[in-house]
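**Student:** Just dropping this structure here.
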Amino acid sequence: MNESFDVVVVGAGLAGLAAGATAALGASTLILDGHQPGGRASTDERGTYRFNRGPHALYRGGEAQAVLARLGVSTPGAFPAVKGGQARLGDRVDALPTTAATLLRSRLLSLRGKIALVRFLSGAKKWRPADVAGLTVGQWLDTFKLPEDARKVALWLVRTATYTNNEDRLSADVAAGQIQLALVNNVLYLDNGWGSMVDSLAAAAQRNGAEIRTGAAVTSIERRSDGDLVLTLSGGEEIQAGSVVLAAGTPGATAALLGDRPPAWADLGPEVEASVLDLGLHRGLEHPNLFGIDPPIYLVDHAKSAKHLAPEGGGLVHVARYLPLGDHTPAAELRAGLEEHARMYGVEPSNVAEQRFLLRMTVVGMVPTPASGGLAGRPAIDSSGVPGVFVAGDWVGPRGWLADASLSSGEAAGQAAARDAARRADGVRTLSSRKDVA
Ligand SMILES: Cc1cc2nc3c(=O)[nH]c(=O)nc-3n(C[C@H](O)[C@H](O)[C@H](O)COP(=O)(O)OP(=O)(O)OC[C@H]3O[C@@H](n4cnc5c(N)ncnc54)[C@H](O)[C@@H]3O)c2cc1C
């Protein structure tokens, strides 16, 4: 055995970095990642453009900002540009009905649809998301008795706020909570991309005393018969830990490290996925966005508001299709759909300086359903089935959605792991002092 730490964290995405930064306040802490820190929150430089891995917006006033503030991390950014926003319904493009004026003008909705939508949205502040956790999104929307066109816009809002394209599985508490958060507090597109948040979080972890090791893939974790918790790395080296936080991204990746799927995770919903085309444009276009009310496609130029994503005058456009759960559409078809949407927005091939197609990204590790108890029914940080091994990620814990859940469960798992390691160390000290007395 080469080394020993109070707490070892596997994964340096947002969840792992939050866990490590928190644990390091009271315990010797090592954070391991098979790649570079950041995971899905990474920003990749392509020429003079900064590409997040698909469109990323930070929910203001959510769990993520609260955890980051406690760790001394700020998140400079800007609100999405709304002026000139556009929506698409089939082949028709018109003003995005988000303000009173655009709603009145929009030809995408009937008068009856407009009135129903205003009623739906004006009640949002009073929604109590936890009360609708037992309903699917579809069942919840049925209670508003929306005409078909208004229901389509409501479903667009659900998709945009949750990333989930399935009204028959997703628990309504996720949708109600996310729409409420977005309407009340808005979201931020981060200056320099989400990588700037990753860098600041990694710096906070190091400031607190954690060591971050990259290129260090963990292959297994086991509690040996002598009680030691041992992690094995791909190169064969072993590291001993008082306790461990697994922040490997998805339930599947986490279960692979444990050697088995804990019984508590037997009935988790499938992953939420998106297919993404990231485009760096020589020249930004007039409109800030083109949202697909139908088809389910998102397109926003994040460089219209956030700084340092594209060179002066350029555009940084994310196009994403919200995939139905368990989708198997061929890659060529998905790409063609994203390209067609970009063309409808006005992107000419000659205006594209950089591009990247991400076929099928995991946006969230699992979809909460009414049967599994909605958000609050997600696996707990101590559900791994192995004493001293905690889990964190966007599929863990009762609080938040997307990155909010990763940071919230990361902080909670880091605290629990540090406490657990201290308790075990105290136990060992107590035993050895008893031996001394004897
Ligand atoms: C297209 C897209 C759009 C999104 N948009 C938003 C948004 O608008 N707002 C929002 O809040 N969230 C958004 N998200 C979700 C957000 O990116 C994730 O919830 C969050 O980044 C997940 O962080 P994590 O640390 O839980 O997991 P990950 O980022 O997946 O990190 C897991 C880390 O573990 C490492 N790892 C895995 N296995 C091992 C191993 N065996 N050994 C060592 N290291 C290992 C990986 O290399 C990785 O770095 C989006 C995601 C996608 C894909």
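The values are calculated or read from the model by the stated rules, or taken from the named source; none is laboratory data. Predicted model, so just to flag it, every value in this text is computed and none were measured. Counting neighbours? That spans all protein chains shown, and the Cβs are built from the backbone with ideal geometry, glycine included.
**Student:** Could you list, ordered by first residue, the pairs with Cβ atoms under 6 Å in which the first is in segment 317-333 and of a type in the set (Ser, Thr, Tyr) and the second is assigned to a helix (DSSP H, G or I) and surrounded by 15 or more Cβ atoms within 10 Å (Cβ to Cβ), at least 6 apart or interchain?
**Tutor:** Short answer, once both residue conditions are applied: Tyr322/Arg159.
**Student:** Follow-up question, since we're still on this one. Restricting to segment 215-243, name every residue that is of a type in the set (A, V, I, L, M) and out of contact with any Leu (no Cβ under 8 Å at 6 or more places or on another chain).
**Tutor:** If the condition is that a residue be of a type in the set (A, V, I, L, M) and out of contact with any Leu (no Cβ under 8 Å at 6 or more places or on another chain), then Leu229, Val230 are the ones that fit.
Residue-wise test of (1) part of a loop (DSSP other than H, G, I, E, B); (2) closer than 23 Å to Ala161 by Cβ; (3) assigned by TED's automatic domain parsing to the domain that holds Gly410.
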position: Arg50; (1), (2), (3): no, no, no
position: His56; (1), (2), (3): yes, yes, no
position: Gly61; (1), (2), (3): yes, yes, no
position: Ala64; (1), (2), (3): no, yes, no
position: Ala69; (1), (2), (3): no, yes, no
position: Val73; (1), (2), (3): yes, no, no
position: Pro80; (1), (2), (3): yes, yes, no
position: Ala87; (1), (2), (3): no, yes, no
position: Ala101; (1), (2), (3): no, yes, no
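**Student:** Here's another thing I want to ask about it. What number of residues in segment 105-140 are loosely packed, with under 13 Cβ neighbours inside 10 Å and touching a helix residue (DSSP H, G or I) at 6+ places or on another chain (Cβ under 7 Å)?
**Tutor:** 1
**Student:** Give the residues of segment 251-279 that are hydroxyl-bearing (Ser, Thr, Tyr) and more than 18 Å from Val386 (Cβ to Cβ), sorted by residue number. First the steps, then the outcome.
**Tutor:** Taking segment 251-279 as the starting set, the residues that turn out to be hydroxyl-bearing (Ser, Thr, Tyr) are 254, 275.
Within segment 251-279, just Ser275 meets the criteria.
**Student:** Same structure, new question: Could you name every one of the strands (runs of 3 or more DSSP E) located completely within segment 164-240 that has at least 3 residues being modelled with pLDDT of 95 or more, in the same structural domain as Arg424 (by TED's automatic domain parsing) and surrounded by fewer than 20 Cβ atoms within 10 Å (Cβ to Cβ)?
**Tutor:** Hits in segment 164-240: 229-233.
**Student:** Does Gly61 qualify as being closer than 30 Å to Lys152 by Cα, surrounded by 19 or more Cβ atoms within 10 Å (Cβ to Cβ) and not basic (Lys, Arg)? Talk me through it step by step, then tell me what you get.
**Tutor:** Working: closer than 30 Å to Lys152 by Cα: yes; surrounded by 19 or more Cβ atoms within 10 Å (Cβ to Cβ): no; not basic (Lys, Arg): yes.
Here the answer is no, as Gly61 does not meet what is asked.
**Student:** Here's another thing I want to ask about it. Applying the selection to segment 47-69, what residues are in contact with a Gly (Cβ under 6 Å, 6 or more places away or on another chain) and away from the ligand (no atom under 13 Å from the Cβ)?
**Tutor:** Tyr49, Arg50
**Student:** Looking only at segment 241-260, filter to residues that are more than 8 Å from the ligand (Cβ to nearest atom) and in a loop (DSSP other than H, G, I, E, B); which one of those is farthest from Val10 (Cα to Cα)?
**Tutor:** Asp260
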